[in-house]
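The values are calculated or read from the model by the stated rules, or taken from the named source; none is laboratory data. Owing to the predicted nature of the structure, the values given are computational and were not obtained by experimental measurement. As a convention, Cβ positions derive from the backbone with ideal geometry for all residues, glycine included, and neighbour counts pool all protein chains shown. These accessible areas exclude ligands, DNA and RNA; they are computed on the full protein's heavy atoms, side chains included. Shrake-Rupley method; radii C 1.70, N 1.55, O 1.52, S 1.80 Å.
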Amino acid sequence: MFRYDLHCHTAEGSKCSKLAAKDMPHYYKSLGYDGFFVTDHFEGNTTVPKGTPWRERIEQFYHNGYEIAKAEGDKIGIKVFFAPEESLRCNDFLLLGLSKDWWLAQEDYFDLAPNDRFDRIHAGGGYIIHAHPFAEAPWIESIRLFPRKVDAVEVFNGGGSEEFNRNAIWYAKAYGLRMTGGTDTHTAEEKNLCGIESPRECFTVADIIDVIRDGSAKPFSALHNALLYQG
């Protein structure tokens, strides 16, 4: 089985992270993963200054974390993928499968309502994972679900409680959505390592989407795996 973490933040790309992009490939290789996604914050906790012109924003967003991590990953032999984590009133979504050129052409993106953003992402060939949908925190205004718009649910989040993850499993099962996992890495000392296990090696983001979509990839969690088998 091949292991991939779908939810990680670099210090260069996300204000909330303490793990440098150049160190992240070494961290994941030491843990036995075959690859990981850099999912730096697209809004909110992004390190890109507010008001940065769109094209410059996208260039910085890709370079600050992902491109540094990717270059190091190529050197040491671990796959590094990219997917923005978007926050809609602090409800977070991982947006897989969209190219840098696609993002450069979306200058009106922040003017769109949530459902219109999701529709545009799908029209562009993107795949949407609702990250930690039942997370609760002082800065989270409300829990908002989009079961007809997302493609999958992050049912194992490394920073989430057992209750949050159990509720996410219920949500995915109730609506027939695919399940994924992600550590939500911010440091090199994460306790609940999560991700997906795939029976075949994935070389591209499209490969990752395929194994999630066809159900062959299974989510895993170092602490909460037994939840999948509860009623």
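Below are the figures for this structure:
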quantity	calculated
Boolean, SER87 is closer than 27 Å to ALA217 by Cα and modelled with pLDDT under 95	yes
Residue among ALA131, ALA174, ALA206, ALA188 that is surrounded by fewer than 16 Cβ atoms within 10 Å (Cβ to Cβ), touching a Leu at 6+ places or on another chain (Cβ under 8 Å) and of a type in the set (A, V, I, L, M)	ALA188
Residues of segment 116-166 that turn out to be under 25 Å from ALA226 (Cα atoms), assigned to a loop (DSSP other than H, G, I, E, B) and under 16 Å from the mean Cα position of the chain (by Cα), as a count	9
Condition met for THR46 (out of contact with any Lys or Arg (no Cβ under 8 Å at 6 or more places or on another chain), in contact (Cβ under 8 Å) with a residue 12 or more places away in the chain and open to solvent by less than 60 Å² (accessible area, probe 1.4 Å))	no
Qualifying positions in segment 58-103 - part of a helix (DSSP H, G or I), closer than 17 Å to ARG120 by Cβ, among the charged types (D, E, K, R) and open to solvent by less than 50 Å² (accessible area, probe 1.4 Å)	none
Hits in segment 1-43 (condition: open to solvent by less than 10 Å² (accessible area, probe 1.4 Å), in contact with a Lys or Arg (Cβ under 9 Å, 6 or more places away or on another chain), part of a strand (DSSP E or B) and more than 15 Å from ASP92 (Cα to Cα))	TYR4, GLY35, PHE36
